[in-house]
Amino acid sequence: MKRAKPDIPNINGWNDAAPRHSTAFRVQHRVRNAIALTLVAILAFAGTAAGATLLDINGAIANGAIGVIAQKGQSDQTQIIDPNAGKPIEFVVIGQDTREGASNAAVGGDGAELEANHNADTTIVVQIAADRKYVSMMSIPRDSLVSVPSCNTSRGTMSAQYNVMFNSIFANAYQLGGDLSSAASCTVNAVNSLTGLDIQNFIVVDFGGLQSMIDAIGGVELCIPADVQDAYSGIDLTKGRHQLDGMTATQYARMRYGAGDGSDVQRTTRQQYLIKQLFRQALNKDLLTQSGQLYQLAKAALKSFNISKGLANTSTLAGLAMSLKDLDVSHLYARTVPVTQSPSDPNRVVWTSDADDLWAKMRSGEPIVDQSESSVSTQDGQQDSQSSSDESTDQSTTDISDGTKVADGVLKDGTGQYIDEASGGIIDEETGIISDPTTHQTMGISEQYLNNVACPVN
């Protein structure tokens with residue numbers, strides 16, 4: 001793939017020699033799995049001690065606020081202005097596997113040899129559309145082998161790295177710089193180099209932070225399509241719908257060997273499902289519009305995560321939350337970077353050319369899921385226009401040439417296999433994970449299958 005700009009030399013042809021270095025506003029040693037971070041970033045007002053003061057001020061202002069009586073032709077809903085209206089918002093969600101602190105040790109396991117760990121366990125590139133009609137999320141497998149340019153840390157420059165695991169960038173930068181500002185900034189720099197994006201902000205969270213945030217919204221409902229047990233994470237769930245508290249949901253997010261093939265790639269898809277369910281629950285509870293609930297959640301967030309300066313602004317996040325209140329959860333698009341087994345190491349993966357296509361869409365500000373209408377032949381030979389973006393909510397059964405529609409976005413072919421209508425991928429009945437029918441590589445996860453087929457609402 002050619003560089004977007006001919007005057008930008010670098011290892012991968014995207015960034016200039018000087019790395020793009022996001023400045024951390026306040027980072028602590030407590031950061032981990034970023035599964036709920038998209039939700040947190042949207043719901044929380046600020047992520048710093050200064051932000052806490054602003055929240056208290058805002059609370060006092062809210063107590064003395066006087067409502068506006070809607071006049072003829074006006075909406076009766078309070079309007080909060082989004083200062084970034086009309087502009088896309090991008091950031092990198094980074095989670096770290098650390099055992100520092102009692103809450104992190106309780107979820108991740110303790111031990112003196114583990115307390116000093118600072119390993120990036122989750123990386124998600126998030127792009128919120130300029131019109132706020134969709135959100136794209138791309139998960140980067142931590143086992144991806146990549147080459148990235150040098151970057152600045154708090155204690156000097158970290159040299160370029162070649163053919164290294166993606167998660168080592170965070171760990172190595174932390175070791176050299178001695179802080180999360182270095183680790184997160186170098187990770188963002190690597191993302192920009194590999195994708196051609198120009199991201200300046202990041203969010204981080206830890207085991208205990210994720211747990212407290214999920215508890216703050218009353219837990220989360222998930223479909224478990226088959227019994228799962230994972231001694232490492234401690235999760236033990238039977239098949240069916242479950243309302244999980246923060247501890248159990250965090251164990252689900254960490255689970256690797258209890259379901260599927262045990263790969264990190266498949267774990268990222270479960271994290272994507274958790275994000276969508278959290279967002280769906282927030283919308284159902286009107287957390288984006290109810291100032292009292294939003295205030296309490298924001299205060300919980302202050303203890304749970306840390307963000308870069310560009311996002312640590314009360315009006316920015318409050319306005320963003322309000323502007324996303326009408327977002328259809330089906331337009332929360334999540335994909336894992338397309339990968340294949342590395343020729344040099346069967347336990348590692350490398351990105352395929354399909355990854356270039358997805359990053360190109362994000363660079364152009366387009367959703368990573370195709371929005372075009374495609375014509376699908378029905379059994380009687382007529383053309384039936386089906387939306388590939390899963391926008392329909394019609395649960396009716398419709399026979400088409402390559403299978404029977406059993407739920408919105410889910411088909412069942414003649415062999416009994418479930419098919420994801422949008423991608424054509426095969427859905428695993430025991431996990432809901434979608435795989436490419438040709439390469440068998442993991443493509444994502446079907447929440448439509450999980451919510452409407454594996455665990456249908458009676």
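The values are calculated or read from the model by the stated rules, or taken from the named source; none is laboratory data. Bear in mind the structure is a predicted one, so any value in this text is a computation, not a measurement. Using ideal geometry, Cβ is built from the backbone for each residue, glycine included, and neighbour counts are taken over all protein chains shown. These accessible areas exclude ligands, DNA and RNA; they are computed on the full protein's heavy atoms, side chains included. Shrake-Rupley method; radii C 1.70, N 1.55, O 1.52, S 1.80 Å.
Details
- Conditions (1) over 30 Å from residue 83 (Cα atoms); (2) part of a strand (DSSP E or B); (3) within 26 Å of the chain's Cα centre (by Cα): number failed by residue 157: (3)
- Test: residue in region 354-364 that is without any contact (Cβ under 8 Å) to a residue 40 or more places away in the chain, open to solvent by 60 Å² or more (accessible area, probe 1.4 Å) and either in contact with a Lys or Arg (Cβ under 8 Å, 6 or more places away or on another chain) or small (Gly, Ala, Ser) (or both): yes
- Inside region 191-211, residues that are among the β-branched types (Val, Ile, Thr) and more than 13 Å from residue 138 (Cβ to Cβ) make up a count of 3.
- Inside region 279-334, residues that are modelled with pLDDT under 70, open to solvent by 30 Å² or more (accessible area, probe 1.4 Å) and either farther than 17 Å from residue 213 by Cβ or outside any helix (DSSP H, G or I) (or both) make up a count of 7.
- Considering residues of region 194-213 that are under 15 Å from residue 307 (Cβ atoms) and outside any helix (DSSP H, G or I) only, the residue most open to solvent (accessible area, probe 1.4 Å): 200
- Scope region 412-430; condition open to solvent by less than 20 Å² (accessible area, probe 1.4 Å) and modelled with pLDDT of 95 or more; matching residues: 427
- Cross-chain or 6+ apart pairs with Cβ under 6 Å, region 83-104 first and at positive phi, then at pLDDT 80 or above: 86/130
- Criterion: crowded, with 21+ Cβ neighbours inside 10 Å, at pLDDT below 90, within 22 Å of residue 328 (Cβ to Cβ) and among the polar types (S, T, N, Q) - qualifying residue of 271, 251: 271
- Filtered by the rule that a residue be without any contact (Cβ under 8 Å) to a residue 40 or more places away in the chain, of a type in the set (A, V, I, L, M, F, W, C) and within 16 Å of residue 204 (Cβ to Cβ), region 156-185 gives a lone residue, 173.
- All positions within region 214-235 that are out of contact with any Asp or Glu (no Cβ under 7 Å at 6 or more places or on another chain), more than 19 Å from residue 121 (Cβ to Cβ), open to solvent by 40 Å² or more (accessible area, probe 1.4 Å) and not charged (D, E, K, R): 216, 218
- Selection count where residues are touching a Phe, Trp or Tyr at 6+ places or on another chain (Cβ under 7 Å) and in contact (Cβ under 8 Å) with a residue 40 or more places away in the chain, scope region 414-440: 2
- Among (1) within 21 Å of residue 324 (Cβ to Cβ); (2) modelled with pLDDT of 85 or more - the single one residue 205 does not satisfy: (2)
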